[in-house]
Every structure is written in C-alpha cells, then in structure tokens.
Amino acid sequence: MNPPSEHPLVYAADLTREDIHAMEAFLNDQLGRVYEEVGETGEISFAIRSLIILVSNSAGFLDVLLRVECPEPWQRDAIVREWGQLRAVAHDFNHCVGYNHDRWWDQVPHYDSADEIAEKERIRRFADAAPFIEGADEYD
C-alpha cells in the first residue's frame, strides 16, 4: 500500500483509498489498544467493540464510494460525512504515533471547490432573500 499524499486535505474529492485504509488501520490500532486495557467484558468493552464495527463499516462504505467515477450529489455528501465521522473518532488520538496531522487534522466540509462555491452562493441568496427585520431578534 502506498502512503497517502502528505499535502493537507482541503476537499473530500482529494481523498484516496490509501487515506481510508490508513485511517482505518490507525483507529483499529488505537481502539484495539484500549480494548486490551479494559478487557473483554463490561460496558466499556462493548462500546469499544461497537465503535470498531462502526469504523470498519464507515471505512468500507467510503472505500466503495471512492470507486465511483462521477459520484452523484448524495454520494458526494456521504463521502464528506463518512470521512468527517472517521476524522472525528481519530481526532482524540492525535497525540498518538501514526496520526497523520497533515491529512487528518482539518475538517473537510466540502466535496470539491464547486460544492464550496455552491454552498456559499446558497447562503448569499438566503441572506439576500431574508432581509433583516429590526427588533426581530428581541424577546417580547
């Protein structure tokens, strides 16, 4: 497996399958270590096993989505969401060996620059369509 590119992720369209595999392996290492510490029984153990399953499912779904040549809008949204969830799980382990600060530190809120521009345009149109009404934010 080739290591993921070391340039920071800006858009989800820049994700590679190697990014997904590296993130999943990192999380499995971290969660496996915690699982070993807490043992095989008890609520914490059950929670860790559940989280390991969720990480695997999310990474698997992302792997499938990244194989789509021209993803539909729902697929693009799913890629952003699933990566964001994996990134959020990994974030608390950012002090651990193997955490890729260049690729995993920043949130990736958009699939690509076109999606970012479209969202900014929707926000601008909404702001223009809903003029400020003086006193509307005051309580009666």
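No lab work stands behind these numbers, since they all come straight from the coordinates. Please read these numbers as outputs of a predicted model, since none were measured by experiment. We place every Cβ from the backbone using ideal geometry, glycine too, and count neighbours over all the protein chains shown.
Observations on the model:
- Using a Förster distance of 30 Å, the FRET efficiency for residue 68-residue 36 (Cβ separation, nearest 0.05): 0.25
- Distances between placed amide hydrogens fall under 5 Å for residue 15 paired with no residue 5 or more residues away or on another chain.
- Percent RCO, i.e. relative contact order, over the chain, from Cα pairs under 8 Å lying at least 6 residues apart: 33 percent
- Normalised by the number of residues in region 1-78, the average gap of Cα pairs under 8 Å and 6 or more apart makes the relative contact order 29 percent.
- The ratio of the alpha-carbon radius of gyration of the chain to the globular-protein estimate 2.2 N^0.38 Å is 1.34.
- For residue 100, no residue 5 or more places off, or on another chain, has a built amide H under 5 Å of its own.
- Helical content of the chain, expressed as a calculated mean residue ellipticity at 222 nm, amounts to -20500 deg cm²/dmol (DSSP H runs of 4 or more residues, -39,500 (n - 2.57) each, divided by residue number, nearest 500).
- Förster radius 25 Å - calculated FRET efficiency between residue 94 and residue 43, Cβ distance, rounded to 0.05: 0.45
- Every pair of different Cα atoms in region 24-82 enters the Kirkwood calculation, which places the hydrodynamic radius at 12.8 Å.
- Rounded to the nearest 20 debye, the dipole size of the chain about its Cα centre is 380 debye, using +1 on the Cβ of Lys and Arg and -1 on the Cβ of Asp and Glu.
- At least 18 Å along the helix axis (C-alpha) and Kyte average at least 0.5, DSSP helices within the chain: 43-66
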